[in-house]
1. Checking A:Arg3 against (1) touching a residue at least 60 places away in the same chain (Cβ under 8 Å); (2) surrounded by fewer than 21 Cβ atoms within 10 Å (Cβ to Cβ), only one condition comes out false. Which one?
2. Please determine whether any residue of region A:100-113 is at the interface with chain B (Cβ under 10 Å from one of its Cβ atoms), within 12 Å of the chain's Cα centre (by Cα) and not aromatic (Phe, Trp, Tyr).
3. Between B:Leu141, B:Leu63, B:Leu54, B:Leu86, which is more than 30 Å from B:Ser397 (Cβ to Cβ) and either β-branched (Val, Ile, Thr) or surrounded by 13 or more Cβ atoms within 10 Å (Cβ to Cβ) (or both)?
4. Checking B:Ser246 against (1) modelled with pLDDT of 95 or more; (2) assigned to a loop (DSSP other than H, G, I, E, B); (3) over 15 Å from the mean Cα position of the chain (by Cα), which single condition isn't satisfied?
5. Going through region A:83-131 one residue at a time, which ones are under 28 Å from B:Val321 (Cβ atoms) and of a type in the set (D, E, K, R)?
6. Just to be sure I understand, how many residues within region A:112-131 are out of contact with any helix residue (DSSP H, G or I) (no Cβ under 7 Å at 6 or more places or on another chain), surrounded by 20 or more Cβ atoms within 10 Å (Cβ to Cβ) and touching a residue at least 40 places away in the same chain (Cβ under 8 Å)?
7. Of the residues B:Glu205, B:Glu165, which is farther than 30 Å from B:Tyr339 by Cβ, at pLDDT below 95 and among the acidic types (Asp, Glu)?
8. Based on what the data block shows, is B:Ala238 surrounded by fewer than 23 Cβ atoms within 10 Å (Cβ to Cβ), in contact with an Asp or Glu (Cβ under 6 Å, 6 or more places away or on another chain) and either in contact (Cβ under 8 Å) with a residue 40 or more places away in the chain or at negative phi (or both)?
Amino acid sequence: MVRLLTQNLLSCPSTHCTYPSNFPLSFQDVETIEIVEAEYKEEFLRGFLNRLEWAALRKSAAELGNTDLPEESPDLAQPQDVSEEILKTLHHVLLEIQVKDGAMVCPSCKHVFQIKEGIPNMLLADHELRK
Amino acid sequence: MKFLLVCSQGSPETTGNLGEFRIPELNSIAALFGFEINYPDPIDTTRPYMVIELAGEKEARLLGSRAISVKHIWEYWADARTYDDLHTIIKPRNDLYDPYTGPSTTWKFTVSGFARNINLVDQVAVINSFRYLGFQGDIKLKNPQCEVGVFEEYVRRTDKEKGRELNDMRWVWMGRKICDTKRNMIDVFDLKKRAYIGTTSMEAEVSLLMANQALAAPGKLIYDPFAGTGSMLLTSAAFGALTMGSDIDGRQMRGKKTNIGDSAAQYGIKDKIVDCVVFDVTQHPYRRGEIFDAIVTDPPYGVRAGAKRLGRKEKNGQPYVPKPVPGYENVYSHELPDYVPATLPWEMTEVIESLITYALFLLRPGGRLVFFLPTDNLHYSDIDIPVIPGMTLISNSSQDYGKWARRLITMEKSRSVSVEEEKGVEGLEGLDRGIRRLVLGESGGSGTSTPKEEGEKRPGHAGFRDRYFAHFEDPEAAVKSD
């Protein structure tokens with residue numbers, strides 16, 4: 001995996017970092033991307049809009065070679081008005097692009113989180129732990 | 001309208017008695033679909049037949065579309081102490097049976113027993129005694145339009161009584177079949193048939209009950225912070241939710257020859273397992289709260305899998321300073337790809353308190369936290385469940401193993417609590433990144449619980465690991481008097 005739905009929710013957990021400067025994590029050294037078709041889930045997508053960071057998603061998708069999302073986001077506070085076309089694009093970007101091997105890097109402290117076989121390692125070193 | 005539920009009284013694959021799980025499950029399904037359920041009779045989950053009240057057949061079918069602890073659902077006709085009483089009630093109730101006795105309605109009549117096998121001769125005798133119902137249509141054994149059921153309830157015989165002719169029927173029940181349930185999912189999700197399992201995988205029946213407690217459904221995002229082999233992710237996904245898992249140890253999520261993805265593919269839900277991520281939940285990377293509709297988990301009790309968190313015992317109260325790898329000036333061990341950070345044991349009371357507090361942060365208002373709490377039966381009492389403002393206790397069901405039990409706790413986040421409002425409230429400080437906790441150096445970090453004040457009660461899950469390996473012996477009894 002590592003789908004953009006997940007990556008859009010992740011920031012650097014290090015004690016040296018704070019939101020929003022630790023978000024989004026940048027993709028780096030991506031070796032394998034898989035496009036895996038998934039069943040379109042309109043209800044889920046409409047419900048998820050209020051948790052989405054549009055600009056970050058667009059930026060991260062571009063890092064993976066996808067530029068389908070428009071620059072201007074729809075009104076995420078009115079999910080029922082978002083067009084089906086946008087939702088279908090979101091479905092593809094959020095759920096059908098999977099990073100298998102590579103890394104995500106914190107824009108602030110540069111901590112490298114490795115992704116191996118679709119599972120990212122977000123464990124911290126001792127000096128990065130929040131007490 | 002009254003309905004008769006024929007409930008499970010245990011299955012061979014599931015350990016321990018699940019009687020306490022029945023009512024919470026029914027209530028959860030009712031909450032999920034937004035209908036009311038009432039229990040007109042005193043509740044006794046040692047008995048398999050139970051009457052409930054629902055608005056109508058539609059609600060009964062909704063119940064059946066999710067129920068695991070119920071085998072099938074019937075329109076309630078009558079119940080009585082003896083067959084004579086049953087006939088007295090049923091005979092004049094043409095309103096119940098006339099609609100189905102016409103010549104074009106296919107029908108079937110079943111006689112079955114609990115704690116007793118009814119032999120064919122006796123079954124036929126019962127069916128003949130109901131001849132007055134006057135069925136004119138054809139008998140159809142598979143999917144008739146009307147199936148009438150009579151259930152004889154007995155008390156389980158002791159070994160001495162087996163084989164004796166006893167006229168000891170306890171009660172008899174009658175109804176018309178509405179629907180089956182989802183109980184067959186237990187077989188589909190049987191661990192013995194699953195592509196990828198581990199020693200900590202949750203048994204199928206219980207993981208399905210947990211998904212119902214969590215109100216898993218399409219449109220929802222559900223999280224397990226101790227995902228392990230993904231059992232909870234799979235059943236919540238089976239009910240339509242999208243799921244996410246994390247674990248401080250990636251080995252169980254990754255698997256060797258097979259992994260969670262293979263199990264998910266087996267059940268046709270591969271696209272519903274969104275991601276698995278390796279991290280310590282107390283050092284979680286989520287950028288905001290109120291992400292998940294539910295959190296469903298079985299935290300490690302320290303028996304087969306030790307609860308641990310990132311950290312290292314401080315030397316002389318000095319924080320850890322990274323040093324370069326010997327011989328290499330600018331390379332630090334924590335930057336190398338195979339670096340495994342130091343971890344410390346994490347005591348059960350802290351695990352539970354942290355879990356509930358993180359749930360408060362990560363759950364959407366109205367969202368549920370469903371988790372198992374292991375307890376030493378000798379020391380357990382209801383006050384052991386931490387009370388965290390903003391989280392309401394919904395249910396507490398014990399799966400008993402004799403000296404110990406695990407309790408399935410369901411909590412719901414109040415709809416009126418929002419993270420923004422809670423800023424400045426003591427106890428939730430720093431919740432976006434961590435929970436205020438004891439300095440690692442002081443707590444001892446040896447796996448034993450923090451010493452309590454004299455007279456303060458230790459909860460039943462305190463130091464659970466040590467209690468488990470001491471076979472739950474009463475420590476007082478073991479103390480020698482000098």
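The values are calculated or read from the model by the stated rules, or taken from the named source; none is laboratory data. Here the structure is a predicted model, which means the values were calculated and not measured. Cβ sites come from the backbone with ideal geometry, for glycine too, and all protein chains shown count toward neighbours.
1. All conditions pass for A:Arg3, except number (2).
2. yes
3. B:Leu86
4. Every condition holds for B:Ser246 apart from (2).
5. At the first step, the residues of region A:83-131 found to be under 28 Å from B:Val321 (Cβ atoms) are A:103-114, A:120-131.
Listed by number, the residues that qualify are A:Lys110, A:Asp126, A:Glu128, A:Arg130, A:Lys131.
6. Number of matching residues: 6.
7. Details: B:Glu205 fails: at pLDDT below 95.
Matching residue, one of B:Glu205, B:Glu165: B:Glu165.
8. Spelling it out, it is not the case that B:Ala238 is surrounded by fewer than 23 Cβ atoms within 10 Å (Cβ to Cβ), in contact with an Asp or Glu (Cβ under 6 Å, 6 or more places away or on another chain) and either in contact (Cβ under 8 Å) with a residue 40 or more places away in the chain or at negative phi (or both).
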